[in-house]
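Q: Pasting a structure below so you can have a look.
The values are calculated or read from the model by the stated rules, or taken from the named source; none is laboratory data. Computed from a predicted structure; not experimentally measured. All Cβ positions, even for glycine, are placed from backbone atoms using ideal geometry, and neighbour counts span all protein chains on display. Please note that ligands, DNA and RNA were not included when accessible areas were found on the heavy atoms of the full protein model with its side chains. Shrake-Rupley method; radii C 1.70, N 1.55, O 1.52, S 1.80 Å.
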Amino acid sequence: MNTPAERGINDASSSRLKRQVRIWLVGARPRTLTMAAVPVVVGAALAWSGGAGVDGLVFAATLLCAVLIQVGTNLFNDAADGERGADGPDRLGPLRLTGSGLATAARVRRAAIVSFSLALLAGVYLVAAGGAAILGIGIASLVAGYAYSSGPWPLSYGPWAELYVIAFFGVIAVTGSYFLQAGVLPTVAIVLVGIAVGCPAAAVLLVNNVRDRDADLAAGRRTLAGRLGAGASRWLYVFLMLAPYALLAAALGLRDLGVAWLSLPLALAVALRFDSAADGHAMNAQLGRTALSQTVLGVLLAVQLLVPWN
């Protein structure tokens, strides 16, 4: 039986562990991880609907890799922005580890490397399953995840970050997941589905950059939102939220979208909410609504593809 002193030590250790878990959950940004998971689910569902059998282990490894790369990208972003002074005490967005002083940039960067290393280990299995094409996708994803915020020309400091998101959280993730399950190259229709899934993910980033545009410009970040201004950025946001339905109709057909159409009212409501939303802290709730809209679209699309409705 433990003495009171031993129980006190155990309680203190437990409290420290809980605090560390909370800190690294903040750094991982769990609300953004659906952006990585949704395209993997959709890609596998597309393969299933085309007659391929879905390999559970391959699917799990793909999902794990996608989430770990997203976590690592978030952590590299945290460290880089904290060092550059972009996440100072006047930050409007959610808490960041480096900028708030909860962890040093070096420590956050080491955690990012660990996340990327785990993704690389899981990726070995995927390369064995998918060959050289998957190796290329994996290397490109890791390099892009690092280059998003780090290096001499970080993508997040320029106007191309939204295109990066559409490419990696849409086209590459959907087509890569599809290829791993189906074993054949994706068609143009599959690529269009990837773009459709990537558009609302890019809208999440756009909300973030509209909220932070003044601070970003002061820190030397010339994001797309900073270049376009508030008015044009809001119109772009509406386009990114509604364009997926035209793309999906072109790729799969109006009738074949089925229950996926049920997500359209939510997307429309979220788009209109953004158009009238105030700047600053109010944009944080809009981030969550935008991510939710993408998740609902992806889940309903996957359900439509997986369930035999006829």
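Q: Restricting to the stretch 206-225, what's the tally of residues that are open to solvent by less than 20 Å² (accessible area, probe 1.4 Å) and in a helix (DSSP H, G or I)? I'd like the intermediate steps shown before the answer.
A: Narrowing the stretch 206-225 to residues open to solvent by less than 20 Å² (accessible area, probe 1.4 Å): 206-207, 209-212, 216, 221, 223, 225.
Still in the running and in a helix (DSSP H, G or I): 206-207, 209-211, 216, 225.
Qualifying residue count for the region: 7.
Q: Another one. Does LEU192 qualify as being over 18 Å from LEU252 (Cβ atoms) and in a helix (DSSP H, G or I)?
A: Values: over 18 Å from LEU252 (Cβ atoms): no; in a helix (DSSP H, G or I): yes.
So LEU192 does not fit the description; no.
Q: Then there is this: Which condition from (1) in contact with a Leu (Cβ under 8 Å, 6 or more places away or on another chain); (2) open to solvent by 40 Å² or more (accessible area, probe 1.4 Å); (3) within 20 Å of VAL303 (Cβ to Cβ) is the one that VAL40 breaks?
A: All conditions are met except number (2).
Q: Pick out the one residue from PRO152, PRO94 that is open to solvent by 30 Å² or more (accessible area, probe 1.4 Å), more than 24 Å from VAL26 (Cβ to Cβ) and not in a helix (DSSP H, G or I).
A: Values: PRO94 fails: more than 24 Å from VAL26 (Cβ to Cβ).
Criteria check complete, one pass: PRO152.
Q: Here's a follow-up. Residue by residue through the stretch 300-310, note down the ones that are surrounded by fewer than 19 Cβ atoms within 10 Å (Cβ to Cβ) and either acidic (Asp, Glu) or under 21 Å from the mean Cα position of the chain (by Cα) (or both). Let's see the steps before the verdict.
A: Restricting attention to the stretch 300-310, the residues satisfying the condition of being surrounded by fewer than 19 Cβ atoms within 10 Å (Cβ to Cβ) are 303, 306-310.
Within the stretch 300-310, VAL303 is the sole residue that qualifies.
Q: Do we have VAL193 as of a type in the set (A, V, I, L, M) and either modelled with pLDDT of 95 or more or under 13 Å from ALA66 (Cα atoms) (or both) here?
A: Numbers: of a type in the set (A, V, I, L, M): yes; either modelled with pLDDT of 95 or more or under 13 Å from ALA66 (Cα atoms) (or both): yes.
When the stated conditions are applied, VAL193 passes them.
Q: What's the total number of residues in the stretch 179-189 that are surrounded by fewer than 17 Cβ atoms within 10 Å (Cβ to Cβ) and not in a loop (DSSP other than H, G, I, E, B)?
A: Initially, the stretch 179-189 is screened for residues surrounded by fewer than 17 Cβ atoms within 10 Å (Cβ to Cβ), giving 183-185, 187-189.
If we keep only those that are not in a loop (DSSP other than H, G, I, E, B) as well, we get 188-189.
Summing the residues that are surrounded by fewer than 17 Cβ atoms within 10 Å (Cβ to Cβ) and not in a loop (DSSP other than H, G, I, E, B) in the stretch 179-189 gives 2.
Q: Let me ask something else. Those residues that are open to solvent by 10 Å² or more (accessible area, probe 1.4 Å) and not small (Gly, Ala, Ser), I need them from the stretch 47-69; list them, please.
A: TRP48, VAL54, ASP55, LEU57, PHE59, THR62, LEU63, LEU64, CYS65, VAL67, LEU68, ILE69
Q: Go through (1) in contact with a Gly (Cβ under 8 Å, 6 or more places away or on another chain); (2) open to solvent by less than 50 Å² (accessible area, probe 1.4 Å) for LEU252 and report which single condition fails.
A: (1)
Q: Name the residues in the stretch 70-86 that are open to solvent by 10 Å² or more (accessible area, probe 1.4 Å) and at pLDDT below 90, would you?
A: Those that are open to solvent by 10 Å² or more (accessible area, probe 1.4 Å) and at pLDDT below 90: GLY82, GLU83, ARG84, GLY85, ALA86.
Q: Of everything in the stretch 255-266, what is among the aliphatic types (A, V, I, L, M) and either within 18 Å of VAL42 (Cα to Cα) or open to solvent by 80 Å² or more (accessible area, probe 1.4 Å) (or both)? Give them in sequence order.
A: Passing the criteria: LEU257, VAL259, ALA260, LEU262, LEU264.
Q: Quick check, is VAL21 modelled with pLDDT of 95 or more, β-branched (Val, Ile, Thr) and either open to solvent by 70 Å² or more (accessible area, probe 1.4 Å) or in a helix (DSSP H, G or I) (or both)?
A: Details: modelled with pLDDT of 95 or more: no; β-branched (Val, Ile, Thr): yes; either open to solvent by 70 Å² or more (accessible area, probe 1.4 Å) or in a helix (DSSP H, G or I) (or both): yes.
Criteria not met by VAL21.
Q: Let me ask something else about it. So which residues in the stretch 40-84 are over 18 Å from PRO186 (Cβ atoms) and either among the β-branched types (Val, Ile, Thr) or free of Cβ contacts under 8 Å to residues at least 24 places away in the same chain (or both), if there are any at all?
A: Matches in the stretch 40-84: GLY56, ALA60, VAL67, ILE69, VAL71, THR73, GLU83.
Q: Can you tell me which residue in the stretch 155-165 is nearest to ARG221 (Cα to Cα), limited to those that are open to solvent by 30 Å² or more (accessible area, probe 1.4 Å) and part of a helix (DSSP H, G or I)?
A: For the stretch 155-165, the residue satisfying everything is TYR157.
Matching residues to (1) open to solvent by 20 Å² or more (accessible area, probe 1.4 Å); (2) in a helix (DSSP H, G or I):
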| position | (1), (2) |
| --- | --- |
| GLY99 | yes, yes |
| LEU102 | yes, no |
| ALA112 | no, yes |
| TYR125 | yes, yes |
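Q: What's the number of the only condition in (1) farther than 22 Å from ARG84 by Cα; (2) open to solvent by 30 Å² or more (accessible area, probe 1.4 Å); (3) part of a helix (DSSP H, G or I) that SER141 fails to meet?
A: Of the numbered conditions (1) farther than 22 Å from ARG84 by Cα; (2) open to solvent by 30 Å² or more (accessible area, probe 1.4 Å); (3) part of a helix (DSSP H, G or I), the odd one out for SER141 is (2).
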